[in-house]
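Every read-out reported here was derived from the displayed coordinates using simple, explicitly stated rules and does not represent laboratory data. Bear in mind the structure is a predicted one, so any value in this text is a computation, not a measurement. When we count neighbours, we look across all protein chains shown, and the Cβ atoms used for this are built from the backbone with ideal geometry, even at glycine.
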Amino acid sequence: MDYLIKNAKVVDGTGAPAYTADVAVTGDTITQIGSINEPCANTIDAAGRVLMPGIIDPHSHADAGIFNSDWSHQRITQGITTEITGHCGPSPAPNCPENMELLRRIYFDLTNTGVPFEWPFHDFKGWLDTVRAQKLSANYGFFVGHGTLRAYVMGGKTEKASPAEIKAMQELLDEALSQGAMGLGLGLSMFPGSYADTQELIELAKVVKKHDAMIAAHRRDEGNTAYESIDEMLTVARATGVRMNIAHVKVTGSSNWGKGKSLIKLIDDGIKEGLDLSLDAYPYIAGYTQLFQIFPISVWGVGGEQMLKNFSDPAYRADVIAKMTDGTYGGLKAANGGAAGVQVIQCPDPTFDKKTLAEISEILHVDPVEAAIEMMERFGSNVMMFYYLQDMDELKGILLYPNTIIMSDGAPTSAHNHPRWMGAFGQIFEMFVQNGHELALEAAVKKMTSMPAQRYRLLDRGVIKEGNKADLILLDWEHFQNNCTYENPAGPSKGINYVFLNGKIAAMDGKYTGEGQGTVFCGH
């Protein structure tokens, strides 16, 4: 054996009660569990500490940081050993020279990395090969983006796809799935996915079903038409039999609070009906995105440069401000407290950084909508915001639903990030196990290990058992602290002593060791 972990409190990921055991690791595999008396040069005494499976994040945007050494090794220190990416519409592949500028814009606008990487590939195989060439500090799986397929075939067109265009998208999707994509990532509130109709989604879902792959569904709306948006996804699942995960389930806007139970019931009824459904959520009431997303997609879908050019037209500007103010465009009204629920982040001027739009409007002596436009004009269209949209009690109900898988929806950045990037899973431990006592540790671990492993068919991970891959966390539970907040999001958490990735110690006490090599999952 290469490592022997002695006297651990094993929380195996299944939800079963913890037990004390020794665990042997040989190569990349867990080879023995029980009372082990053989000598081992690399023995770790884990008495008083928890051994759990490595965390599987089924919905992240970590792919945006793979090629940046400052970002790519951050999350292994938090125990995140597997990243499933390619969500919310865009992916780097497939791409084509004709629409390259647009394809890159929709990808990097979503992830907002600030340091775009090159794309020396065109098909999905080339993308996966490029990733495999890196020293990966996590395992990776990739979805192909629906928005990418649409922009590849249709460019920036916003009309209904023709039968020929749908067929072209189907062919691209079929190729990507054949080359190793895990499924299709929808971004139906984003450009250009929002312009697809239900029939287009059904036709693409037929290809996903043929490959027995999955759809990861970022639906059209999480507020006023949240119920209808989930019902549309169930219509696609019902028409095709496709496997589907409903992504980042939430209810946004105070006028919609109270809908959470009906949304969960709708999904639960679909599962009971026999639809192959799951859902995920992250434990924060604030989202994190570009400030321009308080405006409707008709304003920002044209791209940041054109959006700002449009705002230079006084008549256009006045019309948008009027519609935002009277609620015709409801993005600002949806925030908790209106302008007080939108906090500007990553602004280079400390006068405005971390201030709400309500505060900035007072500083500038303009109304909040005008203040938002001026922030983008002064500092660029990619000014970010914390967007406080949810009710905590309702969010807790969604997270505690037994079928909810925990995810982060996090993306890397060199500036002030959302705490979900580093702290989403630690937040679950603090919120529900340490403080709220609504979940046992075993149940919380299950939501972030075996549940995503089973759902995404990572059948040799997510559970501590003999023969499984040795992705492991040794956790000093008695001294665990999340240490990731809106004010100080970077962490890392305290108490994560060792993180094993494929049998090697990849992180120790918050530091990346350089050991361990992540793998790229191919297929579904």
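Please tell me which of these pairs span more than 24 angstrom C-alpha to C-alpha: Lys250/Lys333; Lys160/Lys323; Lys272/Lys465; Lys209/Lys396; Lys9/Lys465; Lys157/Lys250? Among Lys250/Lys333; Lys160/Lys323; Lys272/Lys465; Lys209/Lys396; Lys9/Lys465; Lys157/Lys250, the Cα-Cα distance tops 24 Å for Lys160/Lys323; Lys272/Lys465; Lys209/Lys396; Lys157/Lys250.
Can you give the Rg to Rh ratio for region 1-84, taking only C-alpha atoms and Rh from Kirkwood? Value, to two decimals: 1.06. With the cut-off at under 19 Å, measuring from each backbone N in region 493-520 to a point 7 Å along the Cα-to-Cβ line of Asp460 picks out 500-506, 516-520.
Throw me the Rg/Rh for region 114-208, computed over C-alpha atoms with Kirkwood Rh, two decimals.
0.99
Peptide packing for 300-312, 59-71 was compared via the average number of neighbouring C-beta atoms within 10 Å per residue; ordered from the highest value, the list is 59-71, 300-312. With a cut-off of 13 Å between beta carbons, the residues surrounding Ser72 carry a summed charge of -1, where Lys and Arg count +1 and Asp and Glu -1. What is the distance in Å between the Cα centres of region 1-58 and region 231-292? Their Cα centres are 36 Å away from one another. Annotation: for a label point projected 7 angstrom from Cα along Cα→Cβ of Ala318, residues of region 294-312 with backbone N closer than 19 Å are 309-312.
Model label points for Asp197 and Ala164, set 7 angstrom from Cα along the Cα-to-Cβ axis, are 1.8 nm apart. Any idea what log10 I(q)/I(0) is at q = 0.06, 0.11, 0.13 Å⁻¹ for the chain, Debye with uniform C-alpha scatterers and no solvent? Taken in order of the listed q values, log10 I(q)/I(0) reads -0.27, -0.94, -1.31. Each of Tyr316, Ser298, Ala226 was placed along the dipole of region 193-336 (beta-carbon charges, centred on the mean Cα), and the one lying farthest toward the positive end is Ala226. Mind checking which of Pro402, Ser450, Met392 is farthest towards the positive end of region 324-450's charge dipole, using Cβ charges of +1 (Lys, Arg) and -1 (Asp, Glu) about the Cα centre? The one lying farthest along the dipole's positive direction is Ser450.
Which residues in region 316-360 have a backbone N closer than 18 Å to a point placed 7 Å from the Cα of Val302 along the Cα-to-Cβ line? Correct set: 316-324, 329. Only helical runs count toward this figure. For the chain, summing -39,500 (n - 2.57) over DSSP H runs of n ≥ 4 and dividing by all residues gives -9500 deg cm²/dmol at 222 nm.
Between Tyr19 and Glu374, the modelled labels are 6.6 nm apart [label points 7 Å from Cα along Cα→Cβ]. Using 0.36 nm times the number of residues separating Thr225 and Cys522, minus their current alpha carbon distance, what extension gain do you get? Difference between extended and current length: 103.4 nm. With a simple spin-label model that places each label point 7 Å from the Cα along the Cα-to-Cβ direction, the separation between Lys396 and Glu478 comes to 2.8 nm. Excluding same-chain neighbours fewer than eight residues apart, the aspartates and glutamates reachable from Lys504 by a Cα-Cα span under 12 Å are Asp2, Asp28, Asp471, Glu515.
When each of the peptides 480-489, 290-299 is scored by how many other beta carbons lie within 10 Å of its residues on average, the order from highest to lowest is 290-299, 480-489.
Looking at the calculated P(r) for region 80-128, what percent of the C-alpha pair distances fall above 15 Å?
47
Put a plus charge on the Cβ of each Lys and Arg, a minus charge on the Cβ of each Asp and Glu, and nothing anywhere else: the dipole of region 377-524 about its Cα centre is then about 500 debye. Length gained on full extension, Lys494 to Lys135, computed as 0.36 nm times the residue gap minus the Cα-Cα distance: 126.7 nm.
Reported to the nearest whole Å, the Cα centre-to-centre distance from region 126-190 to region 457-524 is 29. Across all directions, the shadow cast by the convex hull of region 292-438 built on its C-alpha atoms averages 10.3 square nanometres.
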